[in-house]
Amino acid sequence: MAERRPLDLRPWRGSLIAAYSLGIGILGWVLLLHRTRWAELWPASGGIALFTALSCLLKHLGFRVERDVTHSLVGIVDLAAVFVFGPVAGGWVAALSGLLYLGLRALLSTPKTTPVAPAFDWKSAIEFPLFSSGLKACMALASGALYLTLGGTIGASTTTWSMLTPLSATVLLWFLLDHAAWGGRALLRGGRAGLRDFYRRIGAYSLLVELAPLPLSIVVSLTYADLGGPAFVFLAMALVASAYLLRSLNEAWERLGLRATELEQLFQDEQKKARQVAAIGTVAQKVASILDLETLFGQVVELTRSTFSYDHVGLFTIDPDGQVVFRTSTSAAIRERGLEVATGQGIIGWVAQHGEPLLANDVSREPRFCFDEALVDTRAELAVPLKVEQRIVGVIDVQSNRVGAFGADDLMVLQSLAAPVAVAIEAARLYALRQEEAWTSTALLQVAEAVGNLDSLNEILMTVTRITPLLVGVDRCTILLLDEQMHEFVAASGYTRQPGVGPLFDGLRFQPGDLPLLDRLRDSGSSVLMEGNADPRLIPDGLLKAYQVGSLFALPLRSRGETYGAMIVDYVNQATRFTERKKAILTGVADQAAMAIANARLLDAQHEEAWVTAALLQVAQALVSSADLAENLAKIVRLTPLLAGVDRCMIFMWEKGSQEFVPYTSHGLTKELMAAFHGLRFKSGQMPLLDEVVRQQGRVSVEAAADSSLIPEQMQAFQIKSVLAVPLVSKNDLFGVLLVDCTESAGAFSPRRISIVEGIAHQAAIAIENARLYETVLQQERMSQELRLARDIQVSFLPDSCPYRPGWEIAADWHAAREVGGDFYDFIELDADSMGLVIADVSDKGVPAALFMSLSRTLVRASALERRTPAETLKRVNELIMSDTRSNMFVTMFYCVLNWHTGELAFASAGHNPPILWRRSSARAELLRAKGVVLGVIEKAELEDGHTRLEHGDVLVLYTDGVTEPVNEQEEEFGEDRLIQTVAEGSVRPCTELVKLVRERVAEFVGAQPQFDDYTLVGVKRLAE
């Protein structure tokens, strides 16, 4: 807005009128005073006072038909004073009556002092009285001089025909001088048009009230001179009555005219309202069909101005942020330079903020009015809000060059017009919004179609940077890609439409901090808009000047939550702005570009993955043909340089025993370096690179090996430029480290190269693990084969079958917990009448127990055949064990001798579980206990013989602890009681079924619990008679 300053009202016309009026007044009084002879005037002072009083009274009874002009019969009295007393005395009558009457009226009508009305009105108190009295003096002096010149007689008591000419000329001159002087004021006020209008309005009244009655002045003068005081008083009363009658008639006529005027005005008002309604409808109908916003704005102001004859019309809208936006104006100057209006400031800003109309009919008294140099003549302003559903969408503002130009009708017109205009603007805005959305969708579809069929990343970038300026009209477009490995933005593609101006940031690479704008895009993921002067905190001054950056819009390229780079578009001209539509299109283009870049990189990654997979497949195929570790690792170090594009490959194996890395195989080394390689040994701390691999349990790369502390001095001879070390790990077991290096140039290893090397290292680790597992399997197979052979041998030690004797049944059951076991049983034929029966349990399990069992069986057989008693037999076995073995193993044993004919049973126990003897006759179980200790613990074991007899139907059960000690899921043992119950239940069955029943009950009891001890059970039953 222009700076506010006082309104220039150009008061020069008022000043000229005042000067003119004061000049005539002063001239008249100067002439009157100059011509006055006070000695001659004094004798007529009484008459002068009488005529002056009558003149003032007639002035009071006059009526006004024009501004500052009063019509009355006062001219009769003033001119009669000239005829009676002469020009000078008559001049005093006319001047004094005018001065006294107007002065007293100004004094009596002075208003009280108010803030807007001063206590003293110099026009009413000085200008008008002085002008009127001076004019009357001039009229009296001039008219009297003409009268005397033409032969008129002062104070004549009779009238002859010779007096007709001077009297008529004097009357006419009096009338002309009066109206000429007042016409001069009208000319100064309104020019010639004002003068013509002045005479048109007062002409009829002047002729009837001023000129026609003037000849009566002769009658008044003759009456005063010839008939004396009573007649003059009567005539004066008649004049006063006539003046009062004329004023009453004029007032009645004015009232009649006023009523007629009111009726006419009412009719005109109704017609005006009808015209206004029709005009509002016409304007509304015309703007309703306009959908282009700019055309609509222009038509609204032009139609409003032309239809309702306003001097100026302006239109403003409210943007979504609540800011007032200038749209158009009927002033070409304002349309060209625009107009800034702050919300809440000025008349327009106040209406936009409060949503209420504001009428200022005198802008000089309105503090919210803002002066504009393009509208210097503005005197009144009216602003009305444009609302749609109580939402303010704009303001229409009209201005006039006249004070008080606007009334209630104008407010009604604008408010009525505001509704359809607001609806039309909203409809056009929605239509424009839909058009912009359609255009945006079309533009984005074009971008999608352009890049949708492209697989090459370079083609995608080039297409986006060239199509974007064509779609939105920007000067330049640049795409920078984010290199995550190098942690930098790289200007990958750029395009410019400006001749002589290169692409933005062409060919540059930006590390973090080099260009803060890119850091903000990456960190915030939000676009950055810089219009006008760019922010030096985001773009350094050097880059701003070098690349002529104007208005700029930067967008992150993000897809699936990952940032791939940035797209930057700009205008070289700082004054150019980005519209909302352009920003929407650019945002969509950036999203499309990010998605295309992501897809292209995904495709590249798939190609890379396919290549890596193919390379690793080659390695796997090379390894599958051989199980030899040395051969496979030699293949690996040969294939790695070919597949990964490195110069050399070395493998160091980790020796757990010596806790050091030792060289195993390599490829690409010279003979001298090969010898040096095989001479290397690295304990912890001697090769920091290998230590770091162990610490991280992952790959370690060194881009500049010559400057790295990870490479020791003894490796300098290998002239390593860059090296990648990958651990050979499988199932958290470290087997060694695979090293690859480049000897030509230092630099970072590409992701694909790293993937291939890591894959090969994984294959190598698997090969090492498989080789070691293969050795383990071979050893386990040899051990299993040996155990199977041992089991076969152990089983061969057990009886092939149970002895058969008439009247007896014998059955046995044996199961080892492992391949071989420590339990055994045996039947020893002593003679034709008796048999030795032994059951034993070695303290250990597996192969040691089996060997000890074989020894114990041999010793028992040898001792039993010497025909000793059971106790002596076990003592002998103990002696032999103690003398021939040095192991810490021992054996429990139960040995008995059964007589087939008598059923006599002699037995001895060396710490073994007491056998169960089930008596058929009593249906009770007996435990065969005998004093004794386990064999193989002490040299002189104390044992005793026991004796019993098996009757017909009795059952003898011998067993090891593998029968009674199995536990179930509740950690309960099977125990002796359950075994006795089972024997009692099966005692009536054949012996083989009894043995089977015990096995079933034990299995049923333990359920899914595994067998943890050897199981041996022998049943002997003497059949019933």
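Every number in this text was worked out from the coordinates using simple rules, so none of it is lab data. Computed from a predicted structure; not experimentally measured. All Cβ positions, glycine included, derive from the backbone under ideal geometry; neighbour counts span all protein chains shown.
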**Request:** Could you tell me which GluC sites (Glu not before Pro) in segment 455-559 are loop residues by DSSP with no more than 13 other beta carbons within 10 angstrom of their beta carbon?
**Result:** Glu484
**Fill in**
Looks like segment 626-776, by Cα gyration tensor root eigenvalues a ≥ b ≥ c and the a/c under 1.5 rounded cutoff (else prolate when a/b is bigger than b/c, oblate otherwise), is rounded
**Request:** Determine the gain in length on full extension of the stretch Glu939-Glu336; use 0.36 nm per residue of separation and subtract their C-alpha separation, reporting nm with one decimal.
**Result:** 204.1 nm
**Request:** Between Ser921 and Arg434, with labels modelled 7 Å along Cα→Cβ, what's the label distance in nm to one decimal, could you check?
**Result:** 11.9
**Asked** How far is the Cα center of segment 643-697 from the Cα center of segment 501-532, in Å?
**Response** 45
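Pop the C-beta distance of Gln719 and Arg772 into the FRET formula with R0 = 56 Å and round what comes out to the nearest 0.05. Let's see the in-between values first.
Values: r = 34 Å, r/R0 = 0.61.
Efficiency, rounded to the nearest 0.05: 0.95.
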**Prompt:** Taking the Cα centre of each part, how many Å lie between segment 897-918 and segment 477-496?
**Reply:** 98
**Prompt:** What shape does segment 925-1025 take by its C-alpha gyration tensor, where a ≥ b ≥ c are the square roots of the eigenvalues and a/c under 1.5 counts as rounded, a/b above b/c as prolate, and the rest as oblate?
**Reply:** oblate
**Message:** If you average the alpha carbon positions of segment 455-471 and of segment 861-884, how far apart do those two centres end up, in angstrom?
**Reply:** 102
**Prompt:** Ordered by packing density, taken as the mean number of other Cβ atoms within 10 Å over each peptide's residues, highest first, how do 139-149, 24-34 rank?
**Reply:** 139-149, 24-34
**Message:** Give the residue list of trypsin sites (Lys or Arg not before Pro) in segment 131-206 that are DSSP loop and have at most 10 other beta-carbon atoms within 10 angstrom.
**Reply:** none
**Item:** Loop trypsin sites (Lys or Arg not before Pro), segment 528-572 (other Cβ atoms within 10 Å of the site Cβ: 16 or fewer; DSSP)
**Value:** Arg537, Arg560
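Taking 30 Å as the cut-off for C-alpha to C-alpha distance, list the pairs among Lys635/Lys656; Lys545/Lys721; Lys387/Lys582; Lys635/Lys671; Lys940/Lys996 that go past it. Don't skip to the answer; put the middle values down first.
Details: Lys635/Lys656 25 Å; Lys545/Lys721 41 Å; Lys387/Lys582 28 Å; Lys635/Lys671 19 Å; Lys940/Lys996 39 Å.
Flagged as over cut-off: Lys545/Lys721; Lys940/Lys996.
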**Message:** Can you work out the Karplus-derived ³J(HN,Hα) for every residue in segment 761-772? Use 6.51 cos²θ - 1.76 cosθ + 1.60 with θ = phi - 60°, whole Hz, and x for glycine or proline.
**Reply:** 4, 5, 4, 5, 4, 5, 4, 5, 5, 4, 4, 5
**Message:** For the ranges 77-89, 392-404, what's the packing order if you count other beta-carbon atoms within 10 Å of each residue, average per peptide, and put the highest first?
**Reply:** 77-89, 392-404
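Using a/c under 1.5 as the rounded threshold, could you call segment 798-1022 rounded, prolate or oblate? The axes a ≥ b ≥ c are square roots of the C-alpha gyration tensor eigenvalues, and prolate needs a/b larger than b/c, oblate otherwise.
Values: a/c = 1.70, a/b = 1.08, b/c = 1.57.
The shape class here is oblate.
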